[in-house]
Amino acid sequence: MDITVVGRNAEISSRLRDYVEEKAAKVEQFDPRVQRVEVEITHERNPRQADTAERAEITVISKGPVIRAEASSSDRFAAFDIAMGKLTERLRRARDRKKNHRRHIVEVPEPAPQAAVEEPVVPETNDLPIEDSPSAPTEPGVAVESQLGDSPVVVRQKLHEAVPMTVDEALYQMELVGHPFYLFIEKSTMQPCAVYHRRGWTYGVIRLNARVTTDD
């Protein structure tokens, strides 16, 4: 298992690297198939955000679903610990789900998704430097950011491999990556869909009727 530690606007000390690698190595206890653990530490330079200036993002790449967690704090060690706690819980949940499937235990279904009445809030993230002109990404998993002309508007694009799945599976994937929404292709209809968390145990589903029209 490979462990990579990178910093954005942050210098990774040998002490922090050793600490992160020691903690991240425990991921294999939950999933022996883990191939890589990516840890990114980001420092927010805005003094108004001092309480959350240090952000830790952990991504687990395995033969199974990608599992991710992030957290912010005034201290980068604390931010990593909080993110690691979230990640551990998601890894444990994924492991228990596999055990239940192997034993043919019927799982209690998630609350039924409801019709979409609210738009999901897209979290702000930074992956790569802003490009000079808008362009669609061609490499899966790599984000491309572009600024619209002279305006302050920045558009972030990311290409993902789309594997058809059910709404229940999409909700599960959304929980594993810790996002408030999840974009996917619905298996029975092959429609582009997005599930998102509304409040409490309520979820929404947005469906797109992808019709291709041609001019006569």
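Can you pull out the GluC sites (Glu not before Pro) in region 1-32 whose DSSP state is coil and whose Cβ has at most 15 other Cβ atoms within 10 Å?
The qualifying sites are E11.
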Study note, to complete from the structure: Here region 73-87 yields Karplus 3J(HN,Hα) values (6.51, -1.76, 1.60; θ = phi - 60°; whole Hz; Gly and Pro given as x) of 7, 7, 10, 5, 5, 5, 4, 5, 4, 5, 5, 5, x, 5, 4
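Just add up the charged neighbours of P140: K/R +1, D/E -1, any other residue whose Cβ is under 11 Å from the Cβ of P140.
-1
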Exercise for review: Compute the separation of the alpha-carbon centres of region 181-197 and region 37-91 and state it in Å as a whole number.
Suggested key: 26 Å
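Values quoted throughout were computed directly from the atomic coordinates according to the rules given, and no laboratory measurement underlies them. Everything quoted here is computed from the prediction, not taken from an experiment. All Cβ positions, glycine included, derive from the backbone under ideal geometry; neighbour counts span all protein chains shown.
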